[in-house]
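Accompanying notes for the structure given below.
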Amino acid sequence: MDPTLPTSNVKQASKVVPIQAQDSASDVDLYEVRRKIYPRAVTGKFATWRWLLVWATQLIFYGLCWIPWNDRQAVLFHLVERKFYIFGAVFWPQDVFYLAVILIMSAFSLFLFTAVAGRLWCGYACPQTVYTEMFMWIEMKIEGDRVKRMKLDQQPMSLRKFSLKASKQFAWIAVALWTGFTFVGYFTPIRELGGELLTLSLGPWETFWILFYGFATYGNAGYMREQVCKYMCPYARFQGVMFDPDTLVITYDSERGEPRGSRRKGVDPRTLNKGDCVDCGICVQVCPTGIDIRKGLQYECIGCAACIDGCDQVMDKMNYPRGLIRYTTENALRKHWGSKEIVGHVMRPRILIYTGIMVVILCAFVWSIATRLPLKVNVIRDRSTLAREVEGGLMENVYRLQVINTSEQTRRFTLSVTGMPSLKIASEKEIEVEPASTRSVTVEVRAPEDAGKHGSNEIYFDVTATDDPSVTVHEKSTFLLP
């Protein structure tokens, strides 16, 4: 959409535009044809914050998979082995509970931050925003600033235009493919993946996901851009239900800015019966979604605060106070609150509830991880072998124990069984399990025929690490007496 023709409010998203009148009827188009947006470069404290988040998130994403840890990748979600390695911790499919807790915390974090200050996630840390910033930076460095890019697109194809466009596409594709390669490197060891790539021996699934994720990055950040935020992302549609009159949002102060109009530098706007807004359109030109924030809060606004930086620069040039466009609340704007009153209304009931729930879940999560035993045991009674009589008049049941050593050191474990008089293990009582691996052992348990009641009797297997008695699992099973 042309930044000089800003969008209106949310209701215009479904506006019916007449195309051609024919007698008493007319053809209509339910969607406006997209017009390319040429965002203008802007500097300021919020632009600095955005780029700091770009650097932070991408250093983590591109660099974390290359960090070694205990002769392996520090962070690896190994699908083939069905193990998730996160530094010193190893998670198994049985630990899916932790994933559920992380998703719950992410949801509450989104609710909390949105209630406090609107679309902070969208404006600063969302992958769509981050990669769009990166791709736009590449575009600006190769094709030039906003005016030069607009002129270049209007020119007929020439050798210069072709070389600039080709250079931009090459850079975009390189970043996109490297992003896809890095993404797959979190699920297949990235050094192995790199060796396969150099020898052109990538498997079909690795090839597919590198190309798919690279294509998604290239298309979303290079071409679709604001369309993803406006039409594909569901958050844009339901964000409003999380706002209240005390939510900090990017707002144009119409009381101070209206009536808007141009004037010379240094002229007091009150002498011209005008507000502080000089109607320069900078706030529209810097907006990555092409909206006019002066029309009020709109669902297309991703909260990037580029308009604040742009407007502050104009206010500085005109020697006017900053803050014509600023982070503020509906109540603060209407009641003319200062910073102290705004901060005082941040800790309102819904914020306290969200924060309390988050703190409880986070503490429980950290405690669970800290006290998590590096040992898991599954006991399965061998159903193919019923209770049988063996030498000495004893009754024998056979079990299969699956012992999972989740630590990254080889460990020996002792096996014992309790729950019935004279109950004993007739097979091996000590086993060794390799680091981060599973060992399945067959255990024969015997007891006198009169040791319990006929039928099912509760027994318990104890598996204990020889080097650390605190690492022990007490697992329930049954012993059958015919």
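Read the figures in this text as sums done on the coordinates, not as results from a lab. Everything quoted here is computed from the prediction, not taken from an experiment. Cβ coordinates were reconstructed from backbone atoms using ideal geometry, including for glycine residues, and neighbour counts include every protein chain displayed.
Before moving on, here are some points about what is shown:
- Shape class for the stretch 90-239, computed from the alpha carbon gyration tensor (a ≥ b ≥ c): oblate, with a/c not under 1.5 and a/b at or below b/c.
- Candidate aspartates and glutamates - alpha carbon under 13 Å from Lys429, same-chain residues fewer than 8 apart omitted: Glu444, Asp462
- As a proxy for reagent exposure, Cys363, Cys307 were ordered by neighbouring Cβ count within 10 angstrom, fewest first; the result is Cys363, Cys307.
- Adding -39500 (n - 2.57) for every DSSP H run of four residues or longer, then dividing by how many residues the chain holds, sets the calculated 222 nm ellipticity at -11500 deg cm²/dmol.
- Straight-line reach from Lys141: taking Cα to Cα under 20 Å and skipping same-chain neighbours fewer than 8 places apart, the aspartates and glutamates in range are Glu133, Asp153.
- Look at Arg446, Arg82 and count the other Cβ atoms within 10 Å of each Cβ; fewest to most, that gives Arg82, Arg446.
- Amide H to amide H distances under 5 Å link Arg381 with Arg400, where only residues 5 or more positions off or on other chains count and H is placed in the peptide plane.
- Computed from point charges on the beta carbon alone (+1 for Lys and Arg, -1 for Asp and Glu), the dipole magnitude for the chain about its Cα centre is near 2440 Debye.
- Three-way shape call for the stretch 166-290 based on the alpha-carbon gyration tensor, with the a/c threshold at 1.5: prolate
- Whether the stretch 54-143 is rounded, prolate or oblate, judged on the alpha carbon gyration tensor where a/c under 1.5 counts as rounded: oblate
- Per-residue HN-Hα couplings for the stretch 66-71 [Karplus 6.51, -1.76, 1.60; θ = phi - 60°; Hz; x = Gly/Pro]: 9, 7, x, 7, 6, 6
- Relative contact order for the chain, counting Cα pairs under 8 Å that sit 6 or more residues apart, in percent: 14 percent
- For the chain, with +1 on Lys and Arg beta carbons and -1 on Asp and Glu, the positive-most of Pro259, Ile308, Val366 along the dipole: Pro259
- Lysines with Cα under 18 Å of Lys230, excluding same-chain neighbours fewer than 8 positions away: Lys11, Lys15, Lys36, Lys295
- Averaging the sequence gap over all C-alpha pairs within less than 8 Å and six or more residues apart, then dividing by the number of residues, gives the stretch 368-482 a relative contact order of 29 percent.
- Listed from fewest to most Cβ neighbours within 10 Å, the set Val80, Val284, Val441, Val433 follows the order Val80, Val441, Val433, Val284.
- Listed candidates [x] 43; [y] 51; [z] 62 - label of the one calculated as percent of Cα pairs over 31 Å apart: [z]
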